[in-house]
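A.B. asks: Here's a structure for you.
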Amino acid sequence: MNPYASSVVISSLALGTILTLSSSHWILAWIGLEINTLAIIPMMTKTPHPRAIEAATKYFLTQAAASALILFSSTINAYALGEWAINTSIHPVSASLLSIAIAMKLGVAPFHFWLPEVLQGSSLQTGLILSTWQKLAPMALLLQLSQSVNLNLLLSLGLLSTMIGGWGGINQTQIRKVLAFSSVAHLGWMVAVLKISPQLTLLNFSIYILMTSTLFLTFMSLDTNNMYELSTSWSKTPTLAAFSMLSLLSLSGLPPLTGFMPKWLIAQEMIKQNMTTFALVILLSTLLSLFFYLRLTYSMSLTLAPNLTFSPTTWFNLPTNLLATPMVLSLLLLPITPTIMAVV
């Protein structure tokens with residue numbers, strides 16, 4: 001992409017997100033979301049491939065429909081209560097419509113169908129932006145709505161997302177689709193605990209961003225797009241493959257890694273709220289996700305390619321060394337859980 005064009009696109013992405021994060025008015029928040037949507041499309045279509053064009057079209061139509069629903073529901077709220085401010089009380093109908101629209105923007109089930117297809121049609125770099133940066137603005141709006149939304153709606157969306165995210169990823173061989181269903185499952189945990197404890201949703205979201213960024217950067221460094229290509233990673237970069245295996249297990253939520261922390265705290269909070277059955281079901285649904293994480297782990301670390309590779313080891317290259325900090329953070333944050341909880 002032309003350097004001038006890419007600088008405009010990146011600046012627009014930053015502007016859209018910052019505008020939504022800092023706005024207290026629904027129209028300003030909507031404008032920020034629209035700038036965000038329009039800014040990412042040139043990045044998706046920079047490779048003129050039919051799959052990329054299809055992904056960009058699906059993304060645009062879904063995000064435009066969600067934005068229209070946000071505008072419609074905020075107008076209903078202004079008509080009913082005379083308020084355009086985000087942080088004031090919201091009409092119950094508007095709150096439900098807004099939460100559905102934001103769920104559509106984030107890719108929460110059952111509004112998730114666009115996410116695997118869009119990620120599969122995009123490059124790993126664009127997929128990283130879609131899975132992390134593009135979720136900041138909608139999640140900020142959802143956190144501000146946390147006390148106005150319907151608890152039963154959020155619990156239903158959360159449970160459905162964790163089950164569909166786990167079930168959908170089981171049969172996938174493409175890494176980007178696996179990470180898309182992983183995103184759906186993690187968003188389910190965030191949505192389920194949103195009304196009960198917004199702080200835990202924010203903590204879960206931050207750790208999800210950290211771990212997903214680490215894995216995307218790893219796969220970009222290894223230049224792999226599917227499970228079969230992962231089998232050569234151990235012979236090329238054994239150190240990176242070993243740490244990547246641990247990162248995948250952390251994303252699945254296994255102790256004693258970082259990814260266990262949000263699941264543990266959310267399950268504990270739900271049991272405190274006398275929602276033991278719900279906590280049990282949502283924890284059991286995580287076993288579905290665990291299966292495909294273990295498949296990736298097996299392909300990456302316990303499988304060797306049938307032929308010898310003579311490519312030099314790449315662990316000491318500069319781009320790979322940049323992975324050290326996010327990799328360590330995505331593995332070793334569990335011991336400082338009490339400190340994090342004291343800050344939160």
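A.B. asks: Considering only residues that are more than 24 Å from Ser11 (Cβ to Cβ), touching a residue at least 60 places away in the same chain (Cβ under 8 Å) and in a helix (DSSP H, G or I), look in segment 120-164 and name the one that is most open to solvent (accessible area, probe 1.4 Å).
C.D. replies: Met163
A.B. asks: OK, next. Thr88 fails exactly one of the following numbered conditions: (1) free of Cβ contacts under 8 Å to residues at least 12 places away in the same chain; (2) in a helix (DSSP H, G or I); (3) of a type in the set (Ser, Thr, Tyr). What is the number of that condition?
C.D. replies: (2)
A.B. asks: Select from segment 1-23 the residues that are part of a loop (DSSP other than H, G, I, E, B) and open to solvent by 70 Å² or more (accessible area, probe 1.4 Å) and write down the one among them that is modelled with the lowest pLDDT. Step through it out loud before you land on a result.
C.D. replies: To start, the set of residues in segment 1-23 that are part of a loop (DSSP other than H, G, I, E, B) comprises 1-2, 23.
Those still in the list that are open to solvent by 70 Å² or more (accessible area, probe 1.4 Å) too: 1-2.
Values: Met1: 77, Asn2: 84.
The residue in question is Met1.
A.B. asks: Hey, another quick one. Does Leu284 meet the test of being assigned to a helix (DSSP H, G or I) and surrounded by 21 or more Cβ atoms within 10 Å (Cβ to Cβ)?
C.D. replies: No.
A.B. asks: So if I check each of Phe291, Phe278, which one is more than 20 Å from Thr239 (Cα to Cα), at pLDDT 90 or above, of a type outside the set (S, T, N, Q) and open to solvent by less than 40 Å² (accessible area, probe 1.4 Å)? Break it down stepwise before answering.
C.D. replies: On the way: Phe291 fails: open to solvent by less than 40 Å² (accessible area, probe 1.4 Å).
Of the residues listed, the single one that is more than 20 Å from Thr239 (Cα to Cα), at pLDDT 90 or above, of a type outside the set (S, T, N, Q) and open to solvent by less than 40 Å² (accessible area, probe 1.4 Å) is Phe278.
A.B. asks: Looking for something within 24 Å of Pro3 (Cα to Cα) and either part of a loop (DSSP other than H, G, I, E, B) or outside the structural domain of Ala109 (by the TED database) (or both) - is there at least one such residue anywhere in segment 48-68?
C.D. replies: Scanning segment 48-68 turns up at least one residue that is within 24 Å of Pro3 (Cα to Cα) and either part of a loop (DSSP other than H, G, I, E, B) or outside the structural domain of Ala109 (by the TED database) (or both).
A.B. asks: Another question, then. When segment 54-85 is examined, which residues are found to be free of Cβ contacts under 8 Å to residues at least 12 places away in the same chain and among the hydroxyl-bearing types (Ser, Thr, Tyr)?
C.D. replies: Scanning segment 54-85 gives Thr57, Thr75, Tyr79.
A.B. asks: If you take the residues of segment 105-119 that are outside any helix (DSSP H, G or I) and at negative phi, which of them is most open to solvent (accessible area, probe 1.4 Å)? Working first, answer last.
C.D. replies: The first filter runs over segment 105-119 and keeps only residues outside any helix (DSSP H, G or I), leaving 107-113.
If we keep only those that are at negative phi too, we end up with 108-113.
Values: Val108: 1, Ala109: 0, Pro110: 53, Phe111: 56, His112: 11, Phe113: 145 Å².
Per the criteria, the residue is Phe113.
The values are calculated or read from the model by the stated rules, or taken from the named source; none is laboratory data. Since we're looking at a predicted model, the values are computed, not measured. Counting neighbours? That spans all protein chains shown, and the Cβs are built from the backbone with ideal geometry, glycine included. Side chains are part of the model used for accessible areas, which takes the heavy atoms of the whole protein and leaves out ligands, DNA and RNA. Shrake-Rupley method; radii C 1.70, N 1.55, O 1.52, S 1.80 Å.
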